[in-house]
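Notes follow the structure.
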Amino acid sequence: MLSPAQLLCFNLYAASHAFQRAYKPHLDPLGLTYPQFLVMVSLWQQDGQPVGALAEGLGLESSTLSPLIKRLEAAGLVTRARSGQDERRVIVTLTPQGRTAAAQAAKVPECLIAAAGLSGAEYRHAMETVGDLRARLAAAAETPIDPRPGCVQEDGMLIYKIFRRPEWDALRAAGETAGAPVDLADGFIHFSTAAQVAETAARHFAQESDLVLVAVSSAALGPALKWEPSRGGALFPHLYRPLRLADVVWDKSLPLGATGHIFPEGLL
């Protein structure tokens with residue numbers, strides 16, 4: 001039996017904690033925690049980001065990110081303001097004091113690389129290896145698994161939601177959505193499995209071309225996801241809470257071809 005120290009996942013987990021411990025003495029003088037540091041560096045790279053875009057870039061839920069931003073605002077490092085073009089979007093911007101702190105924070109990684117004794121080549125190799133691992137894990141998560149006949153799934157699988165482009169844009173801007181009008185009317189957000197989604201597109205989105213197909217892991221939705229009889233008595237996944245941008249595993253355009261919608265290769 002493998003010990004935790006022999007597991008790649010454990011070593012990455014332990015390395016993440018080691019990074020945060022190493023960052024602490026550098027971030028304390030700036031009055032930043034490690035998650036706040038990530039927000040500041042993200043804004044240093046691109047200032048004036050919507051909350052939803054910040055959350056997506058950092059892999060956080062908007063509900064997790066919002067308290068961080070409020071604390072940074074209270075410290076005088078950022079401001080929050082409604083977008084003049086879309087009042088649903090909240091834009092986060094560095095203050096002059098925040099730009100100074102972000103500039104200092106952006107130099108911290110170089111200090112740690114030097115302290116760890118990593119050469120430029122070693123650093124690039126580590127980044128390439130971890131980046132490749134992340135891409136492989138993301139690809140593995142995209143592999144569709146059809147539900148077993150007559151069985152409610154308790155293990156994770158990808159389920160799918162079709163959005164019209166304005167609906168998807170609104171979700172990206174706000175960070176979450178209660179769904180399309182039909183979802184609001186029914187009191188839950190409709191999803192389909194890989195075996196069901198083509199018929200869903202044909203029945204409810206016939207001849208519509210500007211669509212977005214979104215994949216979500218059923219395991220990430222927890223008890224708010226219910227499998228209930230719907231079309232033809234088959235079990236369909238229904239989400240009884242808002243869908244958050246952080247729930248989305250991937251999104252892809254769903255173009256309309258001569259004989260129907262063109263789904264990603266290998267999905268159907």
Worksheet item: Does A55 satisfy the criteria of being small (G, A, S) and under 18 Å from the mean Cα position of the chain (by Cα)?
Response: yes
Practice prompt. Take the stretch 7-58 and flag every residue that is among the hydroxyl-bearing types (S, T, Y) and part of a helix (DSSP H, G or I).
Written response: Y13, S16, Y23, Y34, S42
Item to complete: Hey, can you tell me all the residues within the stretch 52-68 that are among the acidic types (D, E) and surrounded by 17 or more Cβ atoms within 10 Å (Cβ to Cβ)?
Response: E56
Worksheet item: Mind checking which residues of the stretch 75-118 are among the small types (G, A, S) and under 27 Å from G175 (Cβ atoms)?
Response: A75, G76, A81, S83, G84, G98, A101, A102, A105, A106
Worksheet item: So which residues in the stretch 111-130 are over 26 Å from the mean Cα position of the chain (by Cα), assigned to a helix (DSSP H, G or I) and exposed (fewer than 14 other Cβ atoms within 10 Å of the Cβ)?
Response: C111, L112, A114, A115, G120, A121, E122
Fill in: Members of the stretch 171-199 that are assigned to a helix (DSSP H, G or I) and touching a helix residue (DSSP H, G or I) at 6+ places or on another chain (Cβ under 9 Å)
L171, R172, A173, A174, V182, E199
Discussion item. Would you confirm whether or not the stretch 202-219 contains a residue that is in contact with a Leu (Cβ under 6 Å, 6 or more places away or on another chain) and among the basic types (K, R)?
Written reply: no
Practice prompt. Of all residues in the stretch 79-110, count the ones that are free of Cβ contacts under 8 Å to residues at least 60 places away in the same chain, surrounded by 13 or more Cβ atoms within 10 Å (Cβ to Cβ) and among the basic types (K, R).
Written response: 2
Item to complete: All but one of (1) modelled with pLDDT under 95; (2) in contact with a Pro (Cβ under 9 Å, 6 or more places away or on another chain); (3) closer than 23 Å to G52 by Cα hold for L211, so report the exception by its number.
Response: (1)
Worksheet item: Condition test on P264, is it under 23 Å from A135 (Cβ atoms) and either surrounded by 14 or more Cβ atoms within 10 Å (Cβ to Cβ) or hydroxyl-bearing (S, T, Y) (or both)?
Response: yes
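To keep it simple, each residue is scored yes or no on (1) farther than 23 Å from A178 by Cα; (2) surrounded by 13 or more Cβ atoms within 10 Å (Cβ to Cβ); (3) within 22 Å of the chain's Cα centre (by Cα); (4) among the hydroxyl-bearing types (S, T, Y).
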site	(1), (2), (3), (4)
P4	yes, no, no, no
Y13	yes, no, yes, yes
A22	yes, yes, no, no
V41	yes, yes, yes, no
A74	yes, no, no, no
L77	yes, yes, no, no
Item to complete: Return the only residue of P144, P149 being at pLDDT below 50 and either over 19 Å from L239 (Cα atoms) or of a type in the set (F, W, Y) (or both).
Response: P149
Worksheet item: Looking at the stretch 211-268, which of its residues are farther than 20 Å from A174 by Cβ, outside any loop (DSSP other than H, G, I, E, B) and of a type in the set (F, W, Y)?
Response: W227, F236
Discussion item. Among the residues in the stretch 253-267, are any under 21 Å from G187 (Cα atoms) and modelled with pLDDT of 90 or more?
Written reply: no
Worksheet item: Can you spot a residue in the stretch 162-171 that is hydrophobic (A, V, I, L, M, F, W, C), surrounded by fewer than 21 Cβ atoms within 10 Å (Cβ to Cβ) and closer than 27 Å to L54 by Cα?
Response: yes
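The values are calculated or read from the model by the stated rules, or taken from the named source; none is laboratory data. The shown structure was predicted, so the numbers you read here are calculated from the model rather than taken from an experiment. Glycine also receives a Cβ, built like all others from the backbone with ideal geometry; neighbour counts cover every protein chain displayed.
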